[in-house]
1. Take the Cβ-Cβ distance between R231 and D9 as r, set R0 to 60 Å, and report the resulting FRET efficiency rounded to the nearest 0.05.
2. Would you kindly state how much longer the chain becomes between N337 and K103 on full extension, computed as 0.36 nm times their sequence separation minus their alpha carbon distance, in nm to one decimal?
3. Identify the residues of region 108-124 with backbone N under 18 Å of a label point that sits 7 angstrom from the Cα of T80 along the Cα-to-Cβ direction, or state none.
4. Return a whole-number percent for the relative contact order of the chain, with Cα pairs under 8 Å and 6 or more residues apart as the contact set.
5. Between L141 and R412, what length in nm is gained on full extension when 0.36 nm per residue of separation is reduced by their alpha carbon distance?
6. Over 28 Å between C-alpha atoms is what I'm after, so list which of K15/K117; K44/K277; K15/K277; K23/K44 land there.
7. Length gain on complete extension for the stretch T162 to D314, per 0.36 nm per residue less the alpha carbon to alpha carbon distance?
8. In whole Å, how far is the Cα centre of region 61-107 from that of region 212-266?
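Coordinate-derived values only; no laboratory data. Only a predicted model underlies this, so the values are computations on that prediction, with no experimental measurement involved. Counting neighbours? That spans all protein chains shown, and the Cβs are built from the backbone with ideal geometry, glycine included.
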Amino acid sequence: VQIERPSADETTYIKIRDVCEEKPVPEGIVLIKGWVHRIRIQSKKLMFVVVRDGTGLMQCVLNDQLCETYDALTLTRESTVEVYGTLNQVPKGKTSPNGFELKAVFFKIISAAPGGKDSADNIFNDDANPEVLLDQRHMVLRDQGPSDIMRFRAFVLNAFRTHYNDNNYCEVTPPLMVQTQVEGGSTLFKFDYYGQDAYLTQSSQLYLETVLPSLGDVYCIAQSFRAEKSRTRRHLSEYTHVEAECSFISFEDLLNRVEKLVCDVSNHIWNHPVAGKILREVNPSFTPPEAPFLRMSYIEGIEWLNEHGQLKPDGTPYVFGDDIPEAPERYMTDSINRPILFHSFPAEVKSFYMPRREEDNRLTESVDLLMPGVGEIVGGSMRIWDLEELMKGYEREGIDPTPYYWFTDQRRYGSCPHGGYGLGLERFLTWMLGLHHVRDVCLYPRFTGRCRP
Ligand code: 4AD
């Protein structure tokens, strides 16, 4: 059966997002172009095709002769199509992704996707092994759940930028190829840089510190890399790091800033018409956290673990100086079940750049923000601003200060008390959406053993 295509001057090309109750329904013949998301054949003379165009889903109704065309008879999932038709609001109770239906008068395949054993239906199989789904990530991203999460991620990135803009931080884009470490040599990715050793950055912190004298409070949203040996549900090899650095602040100011960031972004998303809707669908039990967060010191944490019978892998109780591993930290956070600003860690378990607390020289002005369900989502601290103390920090960690001359110079040319933090975007999203695994919020996750697609 051959049917005529409506002429260009009698049709309006629209994006699906523009069809909604809040806007007037476009009149006359409209044209949509997109991918076949779902096909339901009701009878020989009636079929429903849900089309996706990257802005939404639209149910298209094909009936009578349209169902007998070659294109209709050979239609497969994920083919690209153009559909001409008239828009109708669907009666309450009838299913439609957006409350509307496009009654087709003409449709055509633009590019046919395979059918049979290579059909996309066989890829979107919920029972598939997670590794297979990761190999097929480029296709899986077309599914509703993953694409909602990616859209949500974009809104959250925007909300972080809004927070920083509203609070007068300047955004910078530091280099990701570096010759210094920030968070210990064991997680550095090393590569050959024109015959020299170089690394993929673990954190942009040191670079942010260098621009405080020129730009004031600064932030960046950049990729960080960690050669993590273990596969856990919160560790990635590449992640998006939201980092900020602030001059002339106190440790107390730093804790307040971390708290405000998390509250502002959560509230912004909660009140956002699109992001808020995704959030409520994916994680119905979410409510934005309220300040002030519980503040708990490392020493209090050790006491808590002892009081709650948490022992080290060798069966002995945790004592001052121990690095608290992920499992007991998560147990504590999940039991307390509210955000915890966990602070003042011993110098031995923290980085070379962290200054000591005045009241207790064994402790540092450091903080991790722990969230129920995920654990640590932020790591921050004040920074040593005294030159000699910094030199001792390098020495304690066995770091050669030579390649750090530019960082050290900040303590020579007008030093100041300052501090900052880094927030793992994927952990933040996993927490907000109440998901199990950080890799579900990545476009193309990178973790031990996976660097494709
Ligand atoms: O606690 P970290 O290692 O702190 C720093 O890198 C500081 N230099 C940041 C700063 O002060 N500017 O990492 C900060 C955060 C963690 O709390 C966590 O959310 C995230 O980065 N993160 C990871 N996320 C996913 N996979 C990994 N392997 C991560 N390592 C750290």
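1. FRET efficiency, R231 to D9: 0.55.
2. Going from the current span to full extension adds 79.2 nm.
3. Answer for region 108-124: 108-115, 120.
4. 12 percent
5. Stretched fully, the L141-R412 segment lengthens by 92.6 nm.
6. K15/K117; K44/K277; K23/K44
7. Full extension from T162 to D314 adds 50.0 nm.
8. The distance from the Cα centre of region 61-107 to that of region 212-266 comes to 47 Å.
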